[in-house]
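These notes concern the structure reproduced below.
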């Protein structure tokens with residue numbers, strides 16, 4: 001089966017990339033440790049802010065303190081995972097296009113979009129994941145009832161869908177770099193995408209909430225997985241998640257292909 005063989009080949013290539021990245025990072029262990037300390041400090045500031053808010057109220061748009069801590073922990077875990085696997089790679093694409101080094105991406109024996117997105121495994125960002133996991137375990141143990149097995153399975157599904165949505169949004173935005181001579185504003189877009197991930201989306205008015213759910217579907221990245229862990233997620237939302245993810249993956253693929261067709265090689 002050609003499709004299966006090709007998928008296995010790409011998986012082996014990516015695992016080799018991961019192995020090389022880990023070996024290289026282990027040469028600088030202090031960098032990982034300092035990153036972990038930095039993320040714990042950053043997480044501590046967020047927790048202090050949440051504690052301050054809940055010193056004056058019992059809920060935030062219907063979410064209790066430990067439930068908000070779950071949202072915060074998931075934002076750290078997922079953002080750390082995104083940066084480890086592809087976000088920082090995608091963020092380098094505009095500079096590569098401007099410098100003409102994107103030509104090297106096109107010469108690799110694998111799809112350019114995949115190689116540009118997953119060519120490096122940023123081990124130092126795993127510190128964010130570790131800090132988030134510790135907070136998540138604590139927050140879950142403070143809930144009146146722990147998530148059931150079915151809730152955990154749904155959580156894993158919608159988390160993967162949310163990661164795919166975020167990846168699609170990055171690819172759609174970075175594809176603009178093929179049309180523009182300079183695109184230094186990409187980091188501003190990534191920051192804009194990340195900022196709403198640390199709060200319950202229920203705090204937003206109806207209009208912005210609908211926009212952040214269906215037009216710019218950031219709700220699916222952290223908020224929907226948090227709903228799955230806190231017994232709030234409904235069956236129809238899982239179906240919507242699958243549909244939204246499929247649409248945005250298709251849009252990302254089309255945007256990238258359109259950008260590649262307009263790309264002028266540095267050697268041309």
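Just so you know, all these numbers are worked out from the coordinates, no wet-lab data involved. Predicted, not measured: the structure shown is a model, and the values here were computed from it. Note that each Cβ is placed from the backbone with ideal geometry, even for glycine, and that neighbours are counted across all protein chains shown.
Would you give the gap between the C-alpha center of region 214-265 and the C-alpha center of region 118-194, rounded to a whole Å?
12 Å
Once label points are set 7 Å from the Cα along Cα→Cβ at both residue 7 and residue 33, what is their separation, rounded to one decimal in nm?
Here the modelled spin labels are 4.2 nm apart.
If a/c stays under 1.5 just call it rounded; otherwise compare a/b with b/c (prolate if a/b is bigger, oblate if not). Do that for region 1-88, with a ≥ b ≥ c from the square roots of the Cα gyration tensor eigenvalues.
It is oblate, given that a/c is not under 1.5 and a/b is not larger than b/c.
Quick one: among 234, 65, 113, which has the greatest mean-square fluctuation in a GNM of the chain with alpha-carbon springs under 10 angstrom?
Looking only at 234, 65, 113, the largest GNM fluctuation is found for 234.
Order of 12-24, 239-251, 167-179 by packing, highest average Cβ count within 10 Å first?
167-179, 239-251, 12-24
How much length is gained on full extension from residue 211 to residue 106, taking 0.36 nm per residue of separation minus their Cα-Cα distance?
Values: separation 105, 0.36 × 105 = 37.80 nm, distance 3.53 nm.
Length gained between residue 211 and residue 106: 34.3 nm.
I'd like the projected area of the chain, averaged over all directions, using the convex hull of its alpha carbons. Report it in nm² with one decimal.
Numbers: hull surface 65.4 nm².
Spelled out: convex hull of the Cα atoms, projected over all directions, averaged, 16.3 nm².
Taking only Cα atoms and a 10 Å spring cutoff, compute GNM fluctuations for the chain and point out the largest among 86, 28, 121.
Maximum fluctuation in the GNM of the chain, among the listed residues, is at 28.
Of the listed peptides 49-58, 183-192, 75-84, what is their order by residue-averaged count of other C-beta atoms within 10 Å, with the highest listed first? All intermediate terms of the calculation are to be shown ahead of the outcome.
Values: 49-58: 10.9, 183-192: 14.3, 75-84: 22.7.
For the peptides 49-58, 183-192, 75-84, the packing ranking is 75-84, 183-192, 49-58.
Using alpha-carbon pairs under 8 Å, 6+ residues apart, how would you state the relative contact order of region 1-158 in percent?
36 percent.
Determine one quarter of the surface area of the Cα convex hull of region 96-217, which equals its mean projected area, and express it in nm² to one decimal.
10.7 nm²
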